[in-house]
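The next block holds one structure in the form of structure tokens; read it before the comments.
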Amino acid sequence: MSPRTGETIAFDNVGLRYGTDREVLSDVSFTLYPGSFYFLTGASGAGKTSLLRLLYLAQRPSRGGISMFGTDVITLPRSRLPAFRRRLGVVFQDFRLVPHLSAFDNIALPLRVAGMREADLAGPVSDMLEWVGLTSRAHARPATLSGGEQQRVAIARAVIGRPDLLVADEPTGNVDPEMALKLLRLFEALNRLGTTVVVATHDVHLLRKVPDSLIMRLDKGRLSDPTGALRYPPRRQMSDIDADAPLPRDGGEF
Amino acid sequence: MRGDRASQLVPQARLAGPIPWVIAIMVALTVIAAAGGLALNNLAQTAQSELSGGATVQIVEALPLERSRQAQASLALLLQHPAVVSAARVPDEELEQLLEPWLGVGADREAVPIPALIDVRLRSDATETQLDSLRTLLAEQAPAARIDAQSAWLRPVFSAISSLQWLALALVVLLGLTSAAAVWLAARSALGTNRNTIEVVHLLGGTDSQIARIFQRSVGFDAALGGAAGLALGLIAVFVIGRQFAGLGSGMVAGGGLSWIDWVLLALVPAFGVIIAVLTARVTVMGALRRML
Ligand SMILES: Nc1ncnc2c1ncn2[C@@H]1O[C@H](COP(=O)(O)OP(=O)(O)O)[C@@H](O)[C@H]1O
Ligand SMILES: [Mg+2]
């Protein structure tokens, strides 16, 4: 199966509750297509992080179905999930850098988990450090890095494995607008190489910075689709799938 | 993924935390207790095998000539008896030497008659029936003969040694359990502080055994270091105490030395500690991971 065809992720009537509380996500259904760029917006507490945790396989939904790269991951045995996680890149909202590892080793972690040889990973990790502007801080521990620097390390770690799906939770929250733009360009570059990108943000200004992006909006745990685009494959894939379908994403508000 | 790569995921945690110290102290104490137990065991066995087949014939006769005659006759009879392996008269000079502290140098032999002693080795244990048959054998020719099993006098000593052995065994078991519990707690707390790391590697696609190996290695390394230090300490203590006992020059204590098998057993104590530590790390990490998706 070529990564360009079919869907990357499909949620079918997903609900999530923590413990016995009310549902924080209800009736969430959507499909993410390969090579598309999605923003997930919504007020603080709307459930963005919860939805992303389902996406990066940190959590099982309370109900509904999730398929990933064509496989139903709900019924999949636990032992087969690591292989799926290795196809994902995740920027956690709180970065989750390993405190006693240097910036270099944090970024190298996904490659080492995947079993890459030491000789092969020095090059890509150094390139990545340069891309996020942290070459001079390669050997610094996270505690000695500023919030913005930590965030860039977290982003570098998420993208270094060239994931099929990149999930970023408020990735520009701790950096200045200039760096935020630079990081978005990094995501876009990765997106052009074929990675599906999902960026959660409550910063509506960010959305305009990526013209080709699609928007998902969460409101109190319910997903709305202001542009209507999610019901259809995105424009770039239109020709492959259904050339006559309308292109509703140009209208609407969010 | 090969094991050596697993350690590089999250490099060896340095010797932080209590694990090496806990293990060092516990291993040292366990080694000392175990060495004591093994030495007592050897002592008991040596003494037992020497004494259980032994009997002593005393000729309690005041007249030297008659004493001598009866001793000769007894010796001859004993040597012919099928149950007797060997029999020898304890030389009078040796007896005098033994008694010197009580009787003084050059005590008048006529004034304080010393019984003649015959040391008898039997083919099997010196049971009462055995001794009775010897008594009837000697009764006619040596009416002054008294026969005792050597172990009989030492029975209280044996029971003391055996209680000490049980005490040492109990100490080793208690120390072993305490060490296991301490290592368990220390490993758990070390892993608790690394929960975030475990979860991150898990979310980056690390498999359960990959992640468990990281911690098995670092905990195992800590435990091995602590164990080696503890073993060294324990062995030094055992060696010093051993030298002091050897210095006593007592025949009884000489039987309490440690054989090479005993030293190997002592060296296994830290290995046991390392195994507990590594197993704890594995069980704890696997348990923590199973609670994650
Ligand atoms: N682990 C959790 N246990 C219980 N409630 C949680 C947990 N995580 C999030 N929530 C609740 O779920 C709701 C959505 O939170 P979250 O997904 O973090 O929203 P957002 O990322 O959009 O701010 C909030 O009401 C929050 O309190
Ligand atoms: Mg959030």
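The values are calculated or read from the model by the stated rules, or taken from the named source; none is laboratory data. Because the structure is a prediction, the values reported are computed rather than measured. Note: ideal-geometry Cβ built from the backbone for every residue, glycine included; neighbour counts use all protein chains shown.
Overview of values
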read-out	value
Residue tally, condition surrounded by 15 or more Cβ atoms within 10 Å (Cβ to Cβ) and part of a helix (DSSP H, G or I), over the stretch A:127-149	7
Test: residue in the stretch A:99-106 that is within 16 Å of ligand 1 (Cβ to nearest atom) and in contact with a Pro (Cβ under 6 Å, 6 or more places away or on another chain)	no
Of residues in the stretch A:77-91 being of a type in the set (A, V, I, L, M) and crowded, with 16+ Cβ neighbours inside 10 Å, the one farthest from the other protein chains (Cβ to nearest Cβ)	A:Val91
Subset of the stretch A:25-41 that is within 17 Å of A:Gln93 (Cα to Cα) and within 12 Å of ligand 1 (Cβ to nearest atom) - its residue that is nearest to the chain's Cα centre (by Cα)	A:Leu40
Test result for A:Val98, closer than 18 Å to A:Arg157 by Cβ, within 13 Å of chain B (Cβ to nearest Cβ) and part of a loop (DSSP other than H, G, I, E, B)	yes
Among (1) polar (S, T, N, Q); (2) more than 16 Å from ligand 1 (Cβ to nearest atom); (3) more than 11 Å from every other protein chain (Cβ to nearest Cβ) - the single one A:Ser44 does not satisfy	(2)
Residue identified as within 16 Å of ligand 2 (Cβ to nearest atom) and crowded, with 16+ Cβ neighbours inside 10 Å among A:Asp94, A:Asp164, A:Asp105, A:Asp169	A:Asp169
Those residues of the stretch A:28-50 which are within 16 Å of ligand 2 (Cβ to nearest atom) and closer than 14 Å to A:Arg222 by Cα, in sequence order	A:Val28, A:Leu40, A:Thr41, A:Gly42, A:Ala43, A:Ser44, A:Gly45, A:Ala46, A:Gly47, A:Lys48, A:Thr49, A:Ser50
Residue under evaluation A:Asp169, criteria (1) without any contact (Cβ under 8 Å) to a residue 60 or more places away in the chain; (2) within 16 Å of ligand 1 (Cβ to nearest atom), criterion not met	(1)
Residue in the stretch A:6-20 that is more than 16 Å from ligand 2 (Cβ to nearest atom), within 14 Å of chain B (Cβ to nearest Cβ), surrounded by 15 or more Cβ atoms within 10 Å (Cβ to Cβ) and at positive phi present	no
Qualifying residue in the stretch B:185-194 (condition: closer than 30 Å to B:Leu258 by Cβ and either more than 14 Å from chain A (Cβ to nearest Cβ) or touching a residue at least 12 places away in the same chain (Cβ under 8 Å) (or both))	no
Exclusive hit being more than 24 Å from the chain's Cα centre (by Cα) and either away from chain A (no Cβ under 14 Å) or among the charged types (D, E, K, R) (or both), set B:Ala237, B:Ala271, B:Ala182, B:Ala170	B:Ala182
Total residues in the stretch A:67-98, condition within 16 Å of ligand 1 (Cβ to nearest atom) and either of a type in the set (D, E, K, R) or without any contact (Cβ under 8 Å) to a residue 60 or more places away in the chain (or both)	3
Candidates A:Asp105, A:Asp169, A:Asp127, A:Asp164 - the one that is more than 11 Å from every other protein chain (Cβ to nearest Cβ), under 23 Å from B:Asp208 (Cα atoms) and charged (D, E, K, R)	A:Asp164
Residue selected from the stretch A:108-118 under the condition more than 8 Å from chain B (Cβ to nearest Cβ) and either in a loop (DSSP other than H, G, I, E, B) or acidic (Asp, Glu) (or both), by the criterion nearest to A:Gln150 (Cα to Cα)	A:Met116
Test: B:Asp208 is within 14 Å of another protein chain (Cβ to nearest Cβ), surrounded by 15 or more Cβ atoms within 10 Å (Cβ to Cβ) and under 20 Å from B:Thr284 (Cβ atoms)	yes
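Every residue, every condition in (1) within 16 Å of the chain's Cα centre (by Cα); (2) closer than 29 Å to A:Gly173 by Cα; (3) in a loop (DSSP other than H, G, I, E, B); (4) modelled with pLDDT of 90 or more, yes or no:
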| site | (1), (2), (3), (4) |
| --- | --- |
| A:Pro3 | no, no, yes, no |
| A:Gly6 | no, no, yes, no |
| A:Phe11 | yes, yes, no, yes |
| A:Tyr18 | no, yes, yes, yes |
| A:Glu23 | no, yes, yes, yes |
| A:Thr49 | yes, yes, no, yes |
| A:Arg53 | yes, yes, no, yes |
| A:Ala58 | yes, yes, yes, yes |
| A:Ile74 | no, no, yes, yes |
